[in-house]
Amino acid sequence: MLMLDLTPAEEARLQEEASRQGVDLTQYVRQRLGLGSPPDAENQALLDLLHEWEAEDAAMTEEEAEAAEADWQELKANLNANRKTTGERPLFP
């Protein structure tokens with residue numbers, strides 16, 4: 001068993017990235033070290049698309065990011081309003 005002495009900030013950064021990728025911390029570290037099994041072709045295509053979207057988001061200007069956030073908030077409000085009229089619970093509390 002290997003033990004790493006990480007600062008709380010380093011550990012938090014790793015945990016945050018693992019969460020963003022939807023895996024637990026151990027699995028994330030194994031993947032980063034090249035120890036995990038590689039994703040199958042279908043999952044790799046999805047991962048590639050998600051990385052592409054991440055890159056697009058990172059390249060947004062502040063104004064584009066604000067507009068995208070406003071669009072997202074409007075979409076959530078509209079979905080919740082529609083569900084309310086049909087008697088369903090809101091998707092976004």
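Assorted remarks:
- Filter result for the condition that a residue is touching a residue at least 12 places away in the same chain (Cβ under 8 Å) and either touching a Phe, Trp or Tyr at 6+ places or on another chain (Cβ under 7 Å) or more than 23 Å from Met3 (Cα to Cα) (or both), over Leu79, Leu75: Leu79
- Taking first residues from region 55-70 that are modelled with pLDDT under 95 and partners that are among the acidic types (Asp, Glu), no Cβ contact under 6 Å between residues at least 6 apart in sequence or on separate chains turns up.
- None of Arg20, Arg13, Arg30 is free of Cβ contacts under 8 Å to residues at least 12 places away in the same chain, in a helix (DSSP H, G or I), surrounded by 10 or more Cβ atoms within 10 Å (Cβ to Cβ) and in contact with a Gly (Cβ under 7 Å, 6 or more places away or on another chain) except Arg30.
- Residue in region 59-69 that is in a helix (DSSP H, G or I) and surrounded by fewer than 10 Cβ atoms within 10 Å (Cβ to Cβ) present: yes
- Restricting region 70-93 to residues that are surrounded by 10 or more Cβ atoms within 10 Å (Cβ to Cβ) and among the polar types (S, T, N, Q), the residue that is nearest to Arg20 (Cα to Cα): Gln73
The values are calculated or read from the model by the stated rules, or taken from the named source; none is laboratory data. This is a predicted model, so every value here is computed, not measured. All Cβ positions, even for glycine, are placed from backbone atoms using ideal geometry, and neighbour counts span all protein chains on display.
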